[in-house]
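Undergrad: I am attaching a structure below and will ask some questions about it afterwards.
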Amino acid sequence: MRTDTPWTTRRLQPVAALALPLIFATQLAMAQQDDLGAAAPGDADIAETTEAVDAPRTPADEAPAATPLARAPAVSERTTRLRTAALMTATIGGTLAYGRAKWWKDGFGGGFKTAREGWFGQDTRYGGADKLGHAMFAYSGSRLLTQAFEWAGHDSSTALKLGLWTSVGTLMGVELIDGFSRKWRFSKEDALANLAGGALAYVLERNPELDALVDLRLQYSSPSGGRQFDPFGDYSSQRYLLVLKASGVPALKRHPLLKYLEINVGYGARNFDAGPGALAPPTRNAYVGLSLNLSELLRHTVYQGNASPSRTQQVTETLFEFMQIPATTVQSERVIR
């Protein structure tokens, strides 16, 4: 990556534009499949029920049930293969095709080139917001694609592996190709941020109790200084938050009011991308605050009484898992010197 070019601003926008609509469309398809599945049992379900009634019981039947294994695929093997290929082609192939047309149109040559960009220092180009952006996209992409591969018919363990390899692998592949391109450079900081985001996704997917307690979210405030609406490239209006949810604590989850509260701590960098002659100096900012758990609130109000989550509920809960709505949080800000 060139130190004189806003690489991350250009790169994360199209990646998000390619990936997010696909993944949310998959969310709708998953919800629709759940609705159909709940409406009528399949032949396999009927066969299992008949066998359970007719077969003689054995001592093993009386033993306590073991921890359930990953959910078996609900679709045919052929459908699973087709859906898997479609997801990978859309994510990997779409990103590479876009990159060839836009990012690497100047070609390749000159060997493998690297750039040292730094992390969160005051002297870095974006104050570290771009690194958190890489981690956030690797994290959210891995988790959303894990759900998508489960919809494709894979068990949870296989879906997680495919989600991680597809999301982090695509970002790492782009980074490596940059090193051979004429225009860009490989950044080890971006590569490590991608890996960190994927690692966090893996930990939370494998630990449901921790996942119920912790979220990583992007908060995008109204753009200032004449900027256009740009949630993925306007670093000055971004805050990256680690959110602790009261609903993830068993004792607080039973409380009628406290279960809706969250504590968030975060980081943001302002005016690093403002350019020469900016009125305000670049600052790095730490945040701590309280927020409202919208998913929990809607679950106990608007969606209360649903036998199973509707497609609207699934999509909104997915959105609120990764995005923090500014109007739902009160935060204290401190400039980092």
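The values are calculated or read from the model by the stated rules, or taken from the named source; none is laboratory data. Keep in mind the model is a prediction, meaning the values are calculated, not measured. Don't worry about glycine lacking a Cβ; one is built from the backbone with ideal geometry, like all the others, and counts go over all protein chains shown.
Undergrad: Kindly indicate which of LEU176, LEU171 is over 27 Å from LEU213 (Cα atoms), of a type in the set (A, V, I, L, M) and surrounded by fewer than 17 Cβ atoms within 10 Å (Cβ to Cβ). Steps first, answer last, please.
TA: Values: LEU171 fails: surrounded by fewer than 17 Cβ atoms within 10 Å (Cβ to Cβ).
After applying the criteria, what remains is LEU176.
Undergrad: If you don't mind, another one. Among the numbered criteria (1) farther than 19 Å from ASN264 by Cα; (2) of a type in the set (S, T, N, Q); (3) surrounded by fewer than 22 Cβ atoms within 10 Å (Cβ to Cβ), which single criterion is violated by SER187?
TA: Condition (3) is where SER187 drops out.
Undergrad: A follow-up question, please. Would you be able to say whether some residue in the stretch 138-152 is in a helix (DSSP H, G or I), of a type in the set (Asp, Glu), farther than 20 Å from ILE92 by Cα and touching a Ser or Thr at 6+ places or on another chain (Cβ under 9 Å)? Give the derivation first.
TA: We begin by selecting, within the stretch 138-152, every residue in a helix (DSSP H, G or I); these are 138-152.
The next check asks that each one be of a type in the set (Asp, Glu); those that pass are 150.
Next, from what is left, pick out any that are farther than 20 Å from ILE92 by Cα: none.
Checked the stretch 138-152: no residue is in a helix (DSSP H, G or I), of a type in the set (Asp, Glu), farther than 20 Å from ILE92 by Cα and touching a Ser or Thr at 6+ places or on another chain (Cβ under 9 Å).
Undergrad: Further question on the same structure: For the stretch 185-206, which residues satisfy the criterion of being acidic (Asp, Glu) and either over 16 Å from LYS131 (Cα atoms) or not assigned by TED's automatic domain parsing to the domain that holds THR170 (or both)? Step through it out loud before you land on a result.
TA: Initial filter on the stretch 185-206 (acidic (Asp, Glu)): 189-190, 205.
Residue satisfying the conditions is GLU205 alone.
Condition check ((1) among the hydrophobic types (A, V, I, L, M, F, W, C); (2) under 17 Å from the mean Cα position of the chain (by Cα)) across all residues:
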site	(1), (2)
LYS188	no, no
LEU200	yes, yes
PHE232	yes, yes
ARG239	no, yes
ALA246	yes, no
ARG254	no, no
LYS259	no, no
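Undergrad: Still on this model: Counting just the residues of the stretch 293-324 that are touching a residue at least 60 places away in the same chain (Cβ under 8 Å) and assigned to a loop (DSSP other than H, G, I, E, B), which one comes out farthest from ALA148 (Cα to Cα)?
TA: Out of the qualifying residues, it is ALA307.
Undergrad: In this structure, does SER332 turn out to be in a strand (DSSP E or B) and within 30 Å of ASP123 (Cβ to Cβ)? Before the answer, list the steps.
TA: Details: in a strand (DSSP E or B): yes; within 30 Å of ASP123 (Cβ to Cβ): yes.
Here the answer is yes, as SER332 does meet what is asked.
Undergrad: Sticking with this structure for a sec: Go through (1) in the same structural domain as ILE325 (by TED's automatic domain parsing); (2) within 19 Å of GLU321 (Cα to Cα) for TYR235 and report which single condition fails.
TA: In the conditions (1) in the same structural domain as ILE325 (by TED's automatic domain parsing); (2) within 19 Å of GLU321 (Cα to Cα), TYR235 misses (2) alone.
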